[in-house]
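Taking it in order: structure first as structure tokens, then the write-up.
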Amino acid sequence: MPTTLITGGTVVTSTGRSEADVLVDGETIVAVLAPGSVLLGNDLSTAVDAVIDATGKYVIPGGVDAHTHMELPFGGTAASDTFETGTRAAAWGGTTTIIDFAVQTYGQKVMDGLAAWHQKAEGNCAIDYGFHQIIGDVNDDSLQAMRGLLDEGVSSFKLFMAYPGVFYSDDAQILKAMQVSADTGLMTMMHAENGPAIDVLAQQLVEAGKTDPYYHGMARAWQMEEEATHRAIMLSNLTGAPLYVVHVSAKQAVEQLAWARDNGQNVFGETCPQYLYLSLEEQLGASSDEWGAFEGAKWVCSTPLRSKAEGHQHHMWQSLRTNDIQMVSTDHCPFCMKGQKDLGLGDFRKIPNGIGSVEHRMDLLYQGVVDGQISLERWVEITSTTPARMFGLYGRKGVIQPGADADIVIYDPEGHTSIGVGKTHHMNMDYSAWEGFEIDGHVDTVMSRGKVVVDDNQYVGAKGDGRYLKRGLSQYLI
Ligand code: URP
Ligand code: ZN
Ligand code: ZN
């Protein structure tokens, strides 16, 4: 197996940084050494097959994006990135693992839904991938099937308190699924918004002629998120199920999570780049010659963008510092404006919900380091180490240490990244939700299990490089 030595860089982990060389043998990191180490009398750089000079750069574990939706059928269409295009874009941006959501639709068997996702992904991915399981139909059969998920390497499932008639579970169904979660250790992931109440508000807005994308955020008010988060926490408290609330955007929802954690509950929260950088005010102000106010559809997602004036964005960064929120995933769910988002022209309820970000999460969060929002180590922790620990991948992923998969990113703090279509954009979308964002850093080299897949602004990997990851239980549970 080829050997590679990464020399001269600053190795950054969630616990610190050091000047060190990283020795890779085949797919695995075999040593982290003092710079210029001599091994058994040999200068290592002459003994290996390849040397990568990382002088002046950060050497970090590859990003782990624990929330993506490749090819998700949703909102009358399907997410526009395939596993091929989406994982390649992820690699471009320094993410070397995704955990996507397999779907059990209403009336479908859980294991059939999982098999369908394997079929979509197998042989197509640029980087390694795992699955969570969406349970869209909680019934006796699916409750039984969930007990077999861990054997399949799926250690978490997602329920929805939103989207009545699509993925929605009522409280009785949630209670039963959480009982399985408590029994098995499977992590309950929750989309916490009060869907039935939101649907009433949305209908009232449309009847009043308020049909622009901005009203999506009005209907999905923060009270709807706070209430559902609290309800999920109480059901988790009652059952003992570990709970992970996805795409948290409201500061009041974070307060609920912090309260539950202070009470000793195994409750965790994820936020996404859109809630750290984008706002409802910007969505309201968005207008273009082509789309007018419908331009705002580019940022229609659920949970929605929140008001900056109300302090949600500020609170979200603060929560990342204080660990009230534990990690950042993208909730990558891309749709094109033409032929997809435009299904909702004249009625915001018909706009497919989702934003594409899988390519930009590492850069966007690195900008948080530059801006003084988080430390360098916390950047690695919330984008790689914690996701790996949270979802049973740690040791293989999320860390630079002997025995770990050689998923390594060389990040240049002196580099620059201009985000936008025609610049750095490899996602299968006809726009970028991040157009015009400038990042004071750059992903230089990406290694996935020992193979360089991105080098010097070139993609040098191949479809099918990525393998399915069987995951264990969350390492945050006792
Ligand atoms: O708007 C979103 N988040 N779309 C993807 C589906 C989900 O709820 O995560
Ligand atoms: Zn969701
Ligand atoms: Zn999602």
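The values are calculated or read from the model by the stated rules, or taken from the named source; none is laboratory data. All of these numbers come straight from a predicted model, not from anything done at the bench. Note that each Cβ is placed from the backbone with ideal geometry, even for glycine, and that neighbours are counted across all protein chains shown. Side chains included, ligands, DNA and RNA excluded: accessible areas come from the protein's heavy atoms. Shrake-Rupley method; radii C 1.70, N 1.55, O 1.52, S 1.80 Å.
Summary table
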| read-out | value |
| --- | --- |
| Cβ-based charge dipole, the chain, positive-most Cα from L278, T424, A115 | A115 |
| Surface accessible to a 1.4 Å probe, per residue, for the residues of the stretch 129-285, Å² | 34 Å² |
| Cα centroid of the stretch 342-366 to Cα centroid of the stretch 1-24, whole Å | 35 Å |
| Of all DSSP beta bridges in the chain, antiparallel share, percent nearest 5 | 50 percent |
| Per DSSP, loop GluC sites (Glu not before Pro) in the stretch 396-478 with at most 13 further Cβ within 10 Å | E414 |
| Length-normalised contact order for the stretch 289-393 - Cα pairs under 8 Å, 6+ apart - percent | 29 percent |
| Descending principal axes extents, the stretch 62-361, alpha-carbon based, whole Å | 53, 44, 38 |
| The stretch 150-245: trypsin sites (Lys or Arg not before Pro) falling in loop per DSSP and having at most 15 other Cβ within 10 Å | K210 |
| Computed E for E281/Q458 - FRET, C-beta separation, R0 35 angstrom, nearest 0.05 | 0.35 |
| Highest to lowest packing among 23-31, 58-66, scored as the average C-beta count within 10 Å | 58-66, 23-31 |
| Proximal charge balance of A404 [Cβ under 9 Å; K/R count +1, D/E count -1] | 0 |
| Residue-by-residue Karplus 3J(HN,Hα) for the stretch 395-411, coefficients 6.51, -1.76, 1.60, Hz, glycine and proline x | x, 7, 10, x, 7, 9, 7, x, x, 6, 4, 7, 9, 9, 10, 9, 10 |
| Cut-off under 5 Å, modelled amide H: who pairs with T3 long-range | G26, D49, A50 |
| Highest to lowest packing among 280-292, 160-172, 263-275, scored as the average C-beta count within 10 Å | 263-275, 160-172, 280-292 |
| Over the chain: helical MRE at 222 nm, DSSP H runs n ≥ 4 each giving -39500 (n - 2.57), nearest 500 | -8000 deg cm²/dmol |
| Estimated dipole of the stretch 106-240 in Debye, rounded to 20 [Cβ of Lys and Arg +1, of Asp and Glu -1, Cα centre] | 80 debye |
| Percentage relative contact order, the chain, counting C-alpha pairs under 8 Å, at least six apart | 22 percent |
| Long-range HN-HN contacts of V154 with modeled amide H, under 5 Å | R471 |
| Rg/Rh (Cα only; Kirkwood hydrodynamic radius) as it applies to the stretch 45-148 | 1.14 |
| Mean-position separation - Cα centroids, the stretch 26-91 and the stretch 166-213, in angstrom | 36 Å |
| Note, ³J(HN,Hα) from phi for the stretch 365-381, Karplus 6.51, -1.76, 1.60, rounded to Hz, x at Gly and Pro | 6, 5, 4, x, 5, 4, 7, x, 7, 9, 7, 4, 5, 5, 4, 5, 4 |
| Rounded FRET efficiency, nearest 0.05, which uses the C-beta distance separating V200 from Y106 and R0 of 22 Å | 0.55 |
| The chain, dipole about Cα centre (Lys/Arg Cβ +1, Asp/Glu Cβ -1), debye to the nearest 20 | 760 debye |
